[in-house]
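Scroll down for the structure; my scribbles are underneath it.
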Amino acid sequence: MKKTLALAGLMGLVAACGGPAAGGRAPDPAKLTLVDRTTAATGPLESATWLLDEEPGTLDLDVDGGTPNRTVLANVCERLMQTQPDMTVKPWLAAKVERPDPKTLVLQLRTDATFHDGSPVTADDVVWSLKRHAGEGMDESDEFEDVESIVKTGEHGVTITFEKPNALFEQAIAGGAGIVFNRKVVEEHGKEFGSPDSPDACSGPYRLKEWKSGSHLTIERYAAYWNKDVKPLTKTVRFLWADETALVNSLATGAADGAYLSDTGPAVALQGNQAVTVAFGPTTRVFVLLPTDRGALKDPRIRRALSLAVDRAGIVRSGFAGLARPWKVPVGAGAWSYERQTFQTAYDGLDGAPDTPQLDAARKLVQEAGVPATPIVVATNGEQTRNVIANAVVDAAKKIGLTAQIKTVPAAEYGSFYTDKALRAQVDLVPDDWYITKADPIGFYDNGLTGSSNNWVGYSSPAYDKLVASALAATDPARRAKDVIELQRLFTADMVWISLAEVPNAVVLGGKVTGPPASQVHLGYPWAVDLGRKG
């Protein structure tokens, strides 16, 4: 599943909270250290208070797989596979995964797993859950587009067959597409499932204890949890929701114990505060420019020229206060869960997306393409980071002989660029941030397919389309990496999207707690299991 995030105004928050780190200097992106985990806890906690940026609307992830919902339910609901803090994937409720042929995936389930009502996790529950996820309009339904059938095979077996080979499905079932629900509980509560009055229907190390809408949500350690090797350190976690200023104040004063951040603003404000620890981890999240087919950006030479001319290092300093790093490709390094060195070497060899502008090369491309008759229009929703990006594009355009202007779209309408062609027809470039929930870059590159709903510029390449199919069919990681690297080269050569900055995952911890992962894995891994006492 692919996601976009709305990033709130960074610099306004920094000003409200008294500036960034101690001394007022932004961190050097080159010195930004990413870690999979925070320092291990030394003991248990009776309770912890954790902050979300908004209250979940539902705890049915098929209906809404938003970040707050996932952050809570990562501790409550388990998947067939589980992503680890280092972003690798291993079997979980599925004890064994086999591929007898490229179009078949056979899952052998654990025999000891139980739901929170004490009933066993059965193959029937797995089949029913997968079919529910695949239903029309469900949040993870796109993961099942290639699935032909899902059937029970033996008492503890489930066999999934595909219309065409799909090497990515194991990653998908480590995410929301692999959550196993207690069918009896979900059907018993019907449309009320996921509401404050319904139980969780899951099997994880925590269960939903209480949800008082508008006030708080609490999960508690499940005493009869089936996996005795997993020993949650914190007994209860109480979730509150707060805007960014309240979040910063609560963490700084000790009123809250921690938060995963969807915005770099609180991290900037808290960097110099000795009462908290800010840790950064691997991510797949990247800020990009999405071009449309409105006019000038249809020419790949103009896209490449803008990519060469834009000041990524400047965007990182001004738009993210140094808490990001200039980035060449549209998916973050957190997706490199296999063949990491191969991906890193290929990334290092890419050109066309420099940290600092290469204006002469950019001007040459503009001369070849010709100056467009109308100005390039860059969208923003008025939030500071997008404003910084839009202004950087206008400045880059001017320096290479182009003209550009900014169009401000109301924040409430900004997401409509993905569905409203008429709105897209008003602009040439849309700054936005993207992350994928899988730790595999092939989970992104289908956006460049001919006719993809997110391929707004109309890029079409038979070779590219063929490579996507080849990569999805490649169950051998080395072969898949080879295909993905070529897709990456083609995508960036024509700048189907223009990549700008990788934004690391961030977790803030109060002075008394430590232990949870710092990586993006908190969207699917039971991070509260590792949360405990510091010192």
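The values are calculated or read from the model by the stated rules, or taken from the named source; none is laboratory data. Treat the numbers as computed from the prediction; the structure is a model and nothing was measured. Glycine also receives a Cβ, built like all others from the backbone with ideal geometry; neighbour counts cover every protein chain displayed. We work out accessible area using only protein heavy atoms, side chains counted, and drop any ligands, DNA or RNA first. Shrake-Rupley method; radii C 1.70, N 1.55, O 1.52, S 1.80 Å.
A Cβ distance below 8 Å, combined with a sequence gap of six or more or placement on separate chains, defines the contacts here; from segment 365-390, residues that are over 18 Å from Tyr414 (Cβ atoms) reach no residue that is modelled with pLDDT of 95 or more and aromatic (Phe, Trp, Tyr). The residue pairs whose first member lies in segment 329-354 and is within 20 Å of Met495 (Cα to Cα), whose second member is open to solvent by 30 Å² or more (accessible area, probe 1.4 Å) and among the hydrophobic types (A, V, I, L, M, F, W, C), and whose beta carbons are closer than 6 Å, counting only pairs six or more residues apart or on different chains, are Ala346/Ile485. Picking from residues in segment 59-90 that are β-branched (Val, Ile, Thr) and surrounded by fewer than 17 Cβ atoms within 10 Å (Cβ to Cβ), the one that is nearest to Thr218 (Cα to Cα) is Val63. Looking only at segment 454-469, decide whether some residue is open to solvent by 40 Å² or more (accessible area, probe 1.4 Å), under 28 Å from Ala396 (Cβ atoms) and at pLDDT 95 or above. Yes; the residues of segment 454-469 include at least one that is open to solvent by 40 Å² or more (accessible area, probe 1.4 Å), under 28 Å from Ala396 (Cβ atoms) and at pLDDT 95 or above.
For Ala506, which of the numbered conditions (1) in a strand (DSSP E or B); (2) at positive phi fails to hold? (2) is the only condition that Ala506 fails. Is one or more of the residues making up segment 443-462 in a helix (DSSP H, G or I) and more than 19 Å from Val288 (Cα to Cα)? The answer is yes; a qualifying residue exists.
The set of residues from segment 250-278 being more than 20 Å from Leu45 (Cα to Cα) and either at pLDDT 95 or above or of a type in the set (Gly, Ala, Ser) (or both) comprises Ser262, Gly265, Ala267, Ala269, Gly272. Filtered by the rule that a residue be modelled with pLDDT under 95 and surrounded by 15 or more Cβ atoms within 10 Å (Cβ to Cβ), segment 357-385 gives Pro372, Glu383, Gln384, Thr385.
If the condition is being more than 17 Å from Asp432 (Cβ to Cβ) and either assigned to a helix (DSSP H, G or I) or small (Gly, Ala, Ser) (or both), then segment 395-416 contributes Asp395, Ala396, Ala397, Lys398, Lys399, Gly401, Ala404.
Once segment 474-527 is narrowed to residues that are among the aliphatic types (A, V, I, L, M), under 22 Å from the mean Cα position of the chain (by Cα) and open to solvent by 10 Å² or more (accessible area, probe 1.4 Å), the residue that is nearest to Pro326 (Cα to Cα) is Ile485.
Hey, can you tell me all the residues within segment 283-302 that are within 27 Å of the chain's Cα centre (by Cα), within 18 Å of Val377 (Cα to Cα) and open to solvent by 10 Å² or more (accessible area, probe 1.4 Å)? Within segment 283-302, just Asp293 meets the criteria. Tallying residues that are β-branched (Val, Ile, Thr) and either at positive phi or outside any helix (DSSP H, G or I) (or both) within segment 363-394 yields 6.
Screening the candidates Gly176, Gly135 for the property of being buried (at least 21 other Cβ atoms within 10 Å of the Cβ), within 26 Å of the chain's Cα centre (by Cα) and not β-branched (Val, Ile, Thr) yields one hit, Gly176. Scanning segment 139-159 for residues that are open to solvent by less than 60 Å² (accessible area, probe 1.4 Å), modelled with pLDDT of 95 or more and more than 17 Å from Ala94 (Cβ to Cβ) yields one hit, Ser149.
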